[in-house]
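Data block below; observations after.
The values are calculated or read from the model by the stated rules, or taken from the named source; none is laboratory data. If you're wondering where the values come from, they're calculated on a predicted model, not measured in any experiment. So basically every Cβ, Gly included, is an ideal-geometry build from the backbone, and we count neighbours across all protein chains shown. Quick note on the areas: whole protein, heavy atoms, side chains included, nothing else; ligands and nucleic acids left out. Shrake-Rupley method; radii C 1.70, N 1.55, O 1.52, S 1.80 Å.
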Amino acid sequence: GGESGVRLAIDRATEELQRRLRASDSEVIIANDRIKSLEKTQRELANELMSATRLIDEVGNPADLKRQLTALEDRHVDALEMMGETSEENEELKERTAALKSMVDALTEKVAALEAARAEASS
């Protein structure tokens, strides 16, 4: 009886160790699959990084481009403001020129009238 009990205990312990070994094998397989997945993700991210680096080399750093765009927009606004001011100044000059032209025309008429009156008086 005692020997069969020992044998039974050994068999049970062996089965338990084999069960644990199979479970460990499954965990190793799952871990290996996870490692492969992570390695694939790493390669994809490395490729994305290389693509982004190439793009930055081709078109420039996005932060620099943003600063350049902001500066360009500021210059554009300044130019529009200057154009508006220039347009207002041009309108003022047109009005002044028209007023001066009216004054010159009025003076020319007066001078002509005075010359005509003088010519009539001397005849």
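Here is a list: Lys66, Lys36. Which entry is part of a helix (DSSP H, G or I), basic (Lys, Arg) and modelled with pLDDT of 95 or more?
Going through Lys66, Lys36 in turn, just one is part of a helix (DSSP H, G or I), basic (Lys, Arg) and modelled with pLDDT of 95 or more: Lys36.
Does Glu89 satisfy being open to solvent by 100 Å² or more (accessible area, probe 1.4 Å), at pLDDT below 95 and not basic (Lys, Arg)?
Answer is yes for this residue.
Failed condition for Ile29, given (1) of a type outside the set (Asp, Glu); (2) open to solvent by 60 Å² or more (accessible area, probe 1.4 Å); (3) modelled with pLDDT under 90, with all others met?
Ile29 satisfies every listed condition except (3).
Residues that are of a type in the set (Asp, Glu), open to solvent by 100 Å² or more (accessible area, probe 1.4 Å), out of contact with any His (no Cβ under 8 Å at 6 or more places or on another chain) and free of Cβ contacts under 8 Å to residues at least 40 places away in the same chain: does the stretch 60-78 have at least one?
No: the stretch 60-78 contains no residue that is of a type in the set (Asp, Glu), open to solvent by 100 Å² or more (accessible area, probe 1.4 Å), out of contact with any His (no Cβ under 8 Å at 6 or more places or on another chain) and free of Cβ contacts under 8 Å to residues at least 40 places away in the same chain.
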